[in-house]
1. Normalized C-alpha radius of gyration of the chain, against 2.2 N^0.38 Å?
2. Could you give me the ³J(HN,Hα) list for the stretch 47-64, computed from phi with Karplus coefficients 6.51, -1.76, 1.60 and θ = phi - 60°, whole Hz, x at Gly and Pro?
3. On a C-alpha basis, how far is the centre of the stretch 3-19 from the centre of the stretch 30-47 in Å? Whole number, if you could?
4. Provide the per-residue ³J(HN,Hα) series for the stretch 8-14, in order, calculated from phi with Karplus coefficients 6.51, -1.76, 1.60 and θ = phi - 60°, each as a whole number of Hz, with x at glycine and proline positions.
5. For D57 and L6, calculate 0.36 nm times their separation in residues minus their Cα-Cα distance, and state this gained length in nm to one decimal.
6. Under a Cβ-only charge scheme (Lys and Arg +1, Asp and Glu -1), can you give me the dipole magnitude of the chain about the Cα centre, in debye to the nearest 20?
7. How large, in percent, is the carbon and sulfur part of the accessible surface of the chain at a probe radius of 1.4 Å?
8. Which of the listed residues, S12, A31, N55, is farthest toward the dipole's positive end in the chain, when Lys, Arg count +1 and Asp, Glu count -1 at the beta-carbon?
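The values are calculated or read from the model by the stated rules, or taken from the named source; none is laboratory data. As the structure is a prediction and not an experimental result, all values here were calculated from the model. For neighbour counting, all protein chains shown are included, and Cβ atoms are generated from backbone atoms with ideal geometry for every residue, glycine included. Note: areas computed on protein heavy atoms with side chains; ligands, DNA, RNA excluded. Shrake-Rupley method; radii C 1.70, N 1.55, O 1.52, S 1.80 Å.
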Amino acid sequence: MRISPLSTLHRSLIAFSALHLGYGPRAIVLATHQVTEADLHRHQADWQRLQALRNADQANNELR
């Protein structure tokens with residue numbers, strides 16, 4: 001397995017996205033993106049913040 005140039009934060013956010021979109025079993029997604037459950041736990045607040053920003057942007061676009 002090659003080492004990713006991305007930080008653990010970025011790999012975790014990508015893994016969260018993949019899980020959110022239903023891209024395979026959790027263990028496979030985590031292994032593919034070289035993150036652990038502990039990494040996801042550590043960066044969960046960042047993921048939730050991105051989701052809130054996305055939802056706010058979608059709501060703003062619907063008002064236009």
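1. Working: Rg = 13.6 Å, N = 64, 2.2 N^0.38 = 10.7 Å.
Ratio of Cα Rg to 2.2 N^0.38 Å: 1.27.
2. Coupling constants for the stretch 47-64: 4, 5, 5, 5, 5, 5, 5, 4, 5, 5, 5, 5, 5, 4, 5, 5, 6, 7 Hz.
3. For the stretch 3-19 versus the stretch 30-47, the Cα centre distance is 7 Å.
4. 4, 4, 5, 5, 5, 5, 5
5. On the way: separation 51, 0.36 × 51 = 18.36 nm, distance 2.60 nm.
Stretched out fully, the D57 to L6 stretch lengthens by 15.8 nm.
6. Numbers: 7 positive and 5 negative charges, 23 e Å.
In total the dipole reaches around 100 debye.
7. 60 percent
8. So the residue we want is A31.
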